[in-house]
2 protein chains.
Amino acid sequence: MKDVAAAAEVALKTVSRVVNEEPGVNAATAARVVAAIERLGYRRNESARVLRKGRTASIGLVIEDVADPFYSGISRAVEDVALRNGSLVLSGSTGKEPERERGLVLTFCSRRVDGLIIVPTGSDHEYLLPELDAGIAAVFVDRPGGLDVDTVLSDNSGGARTGVTHLIRHGHRRIAYVGDSASIFTATERLYGYRHALRDAGLPYDESLVATGPAEQAGTALTGMLSFDDPPTAVFTGNSRITVAVLRTGHRLPMVAFDDFELADLLVPGVTVVAQDPVRLGSTAAELLFRRLAGELGTPERIELPTRLIPRGSGELRPS
Amino acid sequence: MKDVAAAAEVALKTVSRVVNEEPGVNAATAARVVAAIERLGYRRNESARVLRKGRTASIGLVIEDVADPFYSGISRAVEDVALRNGSLVLSGSTGKEPERERGLVLTFCSRRVDGLIIVPTGSDHEYLLPELDAGIAAVFVDRPGGLDVDTVLSDNSGGARTGVTHLIRHGHRRIAYVGDSASIFTATERLYGYRHALRDAGLPYDESLVATGPAEQAGTALTGMLSFDDPPTAVFTGNSRITVAVLRTGHRLPMVAFDDFELADLLVPGVTVVAQDPVRLGSTAAELLFRRLAGELGTPERIELPTRLIPRGSGELRPS
DNA sequence: CGGCTCGTCGACAACGTTGTCATCATCTCG
DNA sequence: CGAGATGATGACAACGTTGTCGACGAGCCG
C-alpha cells in the first residue's frame, strides 16, 4: 500500500480510502490510485486489516469427519451461508477425539474467528467459557455441548419413535434396536424414542433386543439376536454406519433406518429411513450464528428440526 | 500481552519469549509470566503474529463441492496432512462456477494463505499468476489447471481403458460410454481410455454408443441406445453421479463404473468399478504443497495415481 | 584487578492497515 | 470582503506481535 501511495503520489490514507471505497476522494485522484493498484498488482493484506479492525470475517467449523456425508452436508450448508455473509470458513475434523476438538477450537480462537459452529464430541466444553466471555459466538449442532449456548438438533427421539411405530403398524412385535453407544447424545435420544414407541403400543421393552456400540460390532450383535428362540422380526438402526453394517450381514430383515443415505432407494428392497436434513441443520446453525454476530441478543435458543419418514419397502414388510 | 507483562512485572518482549518458548529466560521469571498468563486467560493474537512473521500457517482448499464424497475424501486427507504440518485449512466449494472459484482463490490470497490446493473448475487460471509470483504455492488436484504448476491426477485414461477392456474380456462387443461433457478434462481422458481399449481389441468406435453430458441426461441417453436395432450389451459410466443415474433407470445392463461409491457392493449385482483413491489424491497434493512450502525447488511435478479395478459382479456378466 | 564472555532482560522499530484529527484550498453567503 | 462551511488530503497513532540491538550484572580468565 505504501508503494501504491508513492506511485500515485498520494498519502497512504488516500489509498486506504480508495481501497475501501470511502467517500471523500476526488474522482481524478481515485483513478490515479486505481491505476497504480492495477499496475503494481496490489492486494490488501487482510491480516493487517484484521489486526486493526478486530473482526476476522471468518468462522470456525468443527465437525466429526468431513468425509462423512452427514457432516459434509452440514459443511456445505455452513459454507454457503458464510459466503453469503462475507465470511470464510476454517474447518477441521475431530474424528471423535475430544482432545483434537479442543485443539481445533482453541486454535480457531487464537486466530480470532468471529464465531464457531461445533458438533461437540467430548462432553466437557468448559474450556470454551473464556472464549465465550471474550466475545466469540458459538453454536452447537447435532448434539448439545453441555453449555448454555445456541444449539440446533434433529428431533432424534421423535424420529426414532416414528420409525419404530411404523414397524409396529406393519405388524411387528419384536423389534431389535441396533445403535451407537449410549455415551453419544443422539444415540440415547433415539433409543428413548424406540422405547417410547414400544410403550405407546403396549409392547414390552426387551433388553436382549437392544445392542449399542460401535458400527463394527453391529452386524454380529444382530446376527446373535436372530439365533434367539424368539428372534426379532424387524430391526431399527440408529445411524447410517450401523445401517450399512447391518445391511452387509445379508439378513434381509424388515428394517427402518435412522438417517438417510445415498442409494437407499436402489437396494432391494429399498431401505425405509427416518431422514434428517443435514443441510438444514447446517444452514440453521449458521444463520443463527450470523444473527448473533450481527448483535442479536436474547437467551440461547435450542432448535429441534423435524425428521421425515421415507417409506421405500424395507419398513413395510410384514413379519414372516 | 501488554497486560500480562504488567502483571508479571517484566517487559513485553520477555512475555513474547516465554510464549514462544525461546531460550534465554530465567526459570523463575518464566514461571511468573506463565502464572500471569494463566491468571489473565491470555491467548496470543495470531493475526498480529501473522502480520509480523508473514507466514499464516494456513492453506486454502478449493474444491467443487464438499458434499460430494469424492471431494470430501480429498478434503479430509488435506486436512489431516495440514494438521500434521501445523497448518489450518480454509476451504470453499465452487459448485463448478469459475467465477466463484476465482473469488474464493483471490479471497484466500488476500488472507495470505501460504499455499493453495485447487480442483480447477474453469480453464483459465491466468489470474493466479500474480499470486504465484507473490510467492503463494499452488497445487492442482484431479484436473490440470492449465498452468505450469504441481498437479496430482488419477490415471483417468488408463483406468477407463482397464475397465472397458474388462468388459471386452467378458465377451462384450458393443459397449456404451456414458460420461460427463467433453469440456471436462477427466471426461475427455476417460473417453480416450475407452477408445483406446476398443482399438486394442480391434473393435470399431461407434459414436452412437457414446453419450456425453450432465448426469441428468445420462439415463435417457442410455435408454435411447437400448432401443437400437443393435443395442449395446454393456455400459461404461464415466463418473459416480452418472453411474447412479444409470442405475436408477432400472436397466440391469452389465456395467463397469469409473469411481467407486459407497454401497456399490450391496447392490444386486454388485457394481464393478474402477476405483480412484480420493484420500491419496488429497494427501499427495498436500504433501507436495508442504514440501514446496518447506522450500523444495525444482520444476513442477505431475503425478498420476493408479486406479484399481474392483470386480463385484456387474462387470463380469456376459452378453445376453 | 581489568577485560571478557555469558545469561538475562528491556527499549524500540517494524509489519500493513485504519481511525482520528489537522490542514488547506475553495466556495458560499451575508 | 470576511467568516464559516465544505471537500480533499495528509500526518500520526494504534492494533499486538516479533526481530534487532543494546544494557546490565555475574562470573571467569589472565
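Being within 12 Å of DNA strand C (Cβ to nearest atom) and touching a residue at least 24 places away in the same chain (Cβ under 8 Å) holds for only one residue in B:VAL33, B:VAL18, and it is B:VAL33.
One line per residue, one yes/no per condition, for (1) crowded, with 16+ Cβ neighbours inside 10 Å; (2) touching a residue at least 12 places away in the same chain (Cβ under 8 Å):
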position: B:PRO231; (1), (2): no, yes
position: B:ALA234; (1), (2): yes, yes
position: B:LEU263; (1), (2): yes, no
position: B:LEU267; (1), (2): yes, yes
position: B:THR272; (1), (2): yes, yes
position: B:GLY282; (1), (2): yes, yes
position: B:GLU287; (1), (2): yes, yes
position: B:PHE290; (1), (2): yes, yes
position: B:GLU301; (1), (2): no, yes
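Quick one: in the range A:36-52, which of the residues that are of a type in the set (D, E, K, R) and within 12 Å of DNA strand C (Cβ to nearest atom) is farthest from B:VAL113 (Cα to Cα)? It would help to see each step written out before you state the result.
Keep residues of the range A:36-52 that are of a type in the set (D, E, K, R), which gives A:38-39, A:43-44, A:46, A:49, A:52.
Among the residues that remain, those that are also within 12 Å of DNA strand C (Cβ to nearest atom) are: A:43-44, A:46, A:49, A:52.
Working: A:ARG43: 13, A:ARG44: 13, A:GLU46: 10, A:ARG49: 15, A:ARG52: 19 Å.
The residue in question is A:ARG52.
For B:GLY122, the requirement of being more than 16 Å from DNA strand C (Cβ to nearest atom) and of a type outside the set (A, V, I, L, M, F, W, C) is met. Looking at B:ILE175, is it buried (at least 19 other Cβ atoms within 10 Å of the Cβ) and touching a residue at least 12 places away in the same chain (Cβ under 8 Å)? Yes, satisfied.
The range B:82-162 holds strands (runs of 3 or more DSSP E) entirely within its bounds, and those carrying 1 or more residues that are under 28 Å from A:ILE37 (Cβ atoms) map to B:88-93, B:115-118, B:137-141. Looking across the range B:19-52, the residues that are among the β-branched types (Val, Ile, Thr) and more than 9 Å from DNA strand D (Cβ to nearest atom) come down to B:VAL25, B:THR29, B:VAL33, B:VAL34, B:ILE37.
What number of residues within the range A:40-67 are outside any loop (DSSP other than H, G, I, E, B) and either under 15 Å from A:VAL15 (Cα atoms) or at the interface with chain B (Cβ under 7 Å from one of its Cβ atoms) (or both)?
Within the range A:40-67, the first condition is being outside any loop (DSSP other than H, G, I, E, B), and the residues that meet it are A:40, A:46-53, A:58-63.
Narrowing further to those that are either under 15 Å from A:VAL15 (Cα atoms) or at the interface with chain B (Cβ under 7 Å from one of its Cβ atoms) (or both): A:40, A:46-51.
Residues that pass the stated criteria total 7.
How many residues are of a type in the set (Lys, Arg) and either outside any helix (DSSP H, G or I) or within 17 Å of A:GLY193 (Cβ to Cβ) (or both) if we restrict to the range A:204-259?
Step one: filter the range A:204-259 for residues of a type in the set (Lys, Arg), giving A:241, A:248, A:252.
Filter once more, keeping what is either outside any helix (DSSP H, G or I) or within 17 Å of A:GLY193 (Cβ to Cβ) (or both): A:252.
Number satisfying all stated conditions: 1.
May I ask you to verify whether A:SER75 is hydroxyl-bearing (Ser, Thr, Tyr), more than 14 Å from DNA strand D (Cβ to nearest atom), within 30 Å of A:THR284 (Cα to Cα) and modelled with pLDDT under 95? It is false that A:SER75 is hydroxyl-bearing (Ser, Thr, Tyr), more than 14 Å from DNA strand D (Cβ to nearest atom), within 30 Å of A:THR284 (Cα to Cα) and modelled with pLDDT under 95. Restricting B:LEU222, B:LEU309, B:LEU317 to those that are surrounded by 18 or more Cβ atoms within 10 Å (Cβ to Cβ), within 28 Å of B:TYR71 (Cβ to Cβ) and not assigned by TED's automatic domain parsing to the domain that holds B:GLU64 reduces the list to B:LEU222. Determine whether B:HIS172 is at pLDDT 95 or above, within 30 Å of B:LEU198 (Cα to Cα) and assigned to a loop (DSSP other than H, G, I, E, B). So B:HIS172 fits the description; yes. In the set (1) among the β-branched types (Val, Ile, Thr); (2) under 24 Å from A:THR307 (Cα atoms); (3) more than 19 Å from the chain's Cα centre (by Cα); (4) not in a loop (DSSP other than H, G, I, E, B), the condition left unmet by A:VAL268 is number (4).
Name the residue, out of B:ARG112, B:ARG100, that is of a type outside the set (A, V, I, L, M, F, W, C), out of contact with any strand residue (DSSP E or B) (no Cβ under 6 Å at 6 or more places or on another chain), within 13 Å of chain A (Cβ to nearest Cβ) and without any contact (Cβ under 8 Å) to a residue 60 or more places away in the chain. If you could, list the steps in order and put the result at the bottom.
On the way: B:ARG112 fails: without any contact (Cβ under 8 Å) to a residue 60 or more places away in the chain.
It is B:ARG100.
Against the numbered list (1) crowded, with 17+ Cβ neighbours inside 10 Å; (2) touching a Pro at 6+ places or on another chain (Cβ under 9 Å); (3) within 8 Å of chain B (Cβ to nearest Cβ), A:PHE70 comes up short only at (3).
Here's the yes/no breakdown for (1) within 26 Å of A:ARG291 (Cα to Cα); (2) loosely packed, with under 15 Cβ neighbours inside 10 Å; (3) out of contact with any strand residue (DSSP E or B) (no Cβ under 9 Å at 6 or more places or on another chain):
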| residue | (1), (2), (3) |
| --- | --- |
| A:GLU21 | yes, yes, yes |
| A:ALA30 | no, no, yes |
| A:ARG43 | no, no, yes |
| A:GLY54 | yes, yes, yes |
| A:ALA57 | yes, no, no |
| A:ALA77 | yes, no, yes |
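The values are calculated or read from the model by the stated rules, or taken from the named source; none is laboratory data. Please read these numbers as outputs of a predicted model, since none were measured by experiment. Neighbour counts run over all protein chains shown; Cβ positions are idealised from the backbone, glycine included.
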